[in-house]
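What follows is a set of notes on a single structure, which appears directly below.
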Amino acid sequence: MKEKTIIGIMLVFFSVSSYWIGIGVCYSIMKDETHHKLFHYANIERQTPLKWDECLAEQAEIRAKRIHESGEFNHDGWEYYARKCSDEFIGENLVQNYDDFHDEFYQSHNVLMKSELHRENIENERFNKMGVGCYALTCVQFFSK
């Protein structure tokens with residue numbers, strides 16, 4: 001798994017007292033990369049690009065963490081999180097990242113695009129804002145108007 005490999009390399013270079021700092025830096029870099037790649041890939045599919053919404057991204061990350069911790073990968077209760085940012089038209093996509101030799105984020109995006117309902121959220125021109133949040137291998141995309 002790519003995350004374990006990166007953390008393993010960081011452990012070699014950081015002393016025992018810096019162990020937790022090294023992991024925190026690693027997680028932060030990977031988290032930002034995931035968010036931006038999934039946001040970028042969604043915009044490639046659209047005629048009108050989505051705008052990044054920080055509130056949706058924060059709520060999506062909280063939701064991704066709860067999904068990961070509970071082990072319940074489903075759409076139950078997602079409105080609770082998205083409605084903290086918008087009362088208007090909202091949507092959610094969930095995906096688990098794949099550990100792949102190539103670009104696992106692009107593979108995750110392709111999984112979403114092969115699903116009719118997830119593809120509709122990405123391509124829906126009624127949505128003009130998006131936030132992406134990831135925790136471990138679980139990523140959540142929230143959309144709003």
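The values are calculated or read from the model by the stated rules, or taken from the named source; none is laboratory data. Here the structure is a predicted model, which is why all the values come from computation and not from measurement. In this analysis, Cβ positions are derived from the backbone assuming ideal geometry, glycine residues included, and neighbour counts consider all displayed protein chains. The protein model used for the area step is the full one, side chains on, heavy atoms only, and it has no ligands, DNA or RNA in it. Shrake-Rupley method; radii C 1.70, N 1.55, O 1.52, S 1.80 Å.
Could you please tell me which pairs satisfy a Cβ distance under 6 Å, a separation of 6+ or placement on different chains, a first residue in the stretch 109-120 that is at pLDDT 90 or above, and a second residue that is part of a helix (DSSP H, G or I)?
Pairs that qualify, where the first residue is at pLDDT 90 or above and the partner is part of a helix (DSSP H, G or I), are 119/113.
Taking the stretch 121-145 as the search range and keeping residues that are assigned to a loop (DSSP other than H, G, I, E, B) and more than 17 Å from residue 79 (Cα to Cα), which one is modelled with the lowest pLDDT?
137
Say whether the condition of being more than 11 Å from residue 38 (Cβ to Cβ), small (Gly, Ala, Ser) and assigned to a helix (DSSP H, G or I) is met by at least one residue in the stretch 105-116.
Scanning the stretch 105-116, I find no residue that is more than 11 Å from residue 38 (Cβ to Cβ), small (Gly, Ala, Ser) and assigned to a helix (DSSP H, G or I), so the answer is no.
Inside the stretch 32-77, can you point out the residues that are among the hydrophobic types (A, V, I, L, M, F, W, C) and free of Cβ contacts under 8 Å to residues at least 60 places away in the same chain?
44
Hey, residue 84 hits all of (1) open to solvent by 80 Å² or more (accessible area, probe 1.4 Å); (2) of a type in the set (Lys, Arg); (3) not in a loop (DSSP other than H, G, I, E, B) but one; which does it fall short on?
(3)
Quick check on my filter: what residues within the stretch 23-68 are of a type in the set (D, E, K, R), over 16 Å from residue 145 (Cβ atoms), at pLDDT 90 or above and surrounded by fewer than 19 Cβ atoms within 10 Å (Cβ to Cβ)?
45, 54, 58, 65, 66 - these are the residues of the stretch 23-68 that are of a type in the set (D, E, K, R), over 16 Å from residue 145 (Cβ atoms), at pLDDT 90 or above and surrounded by fewer than 19 Cβ atoms within 10 Å (Cβ to Cβ).
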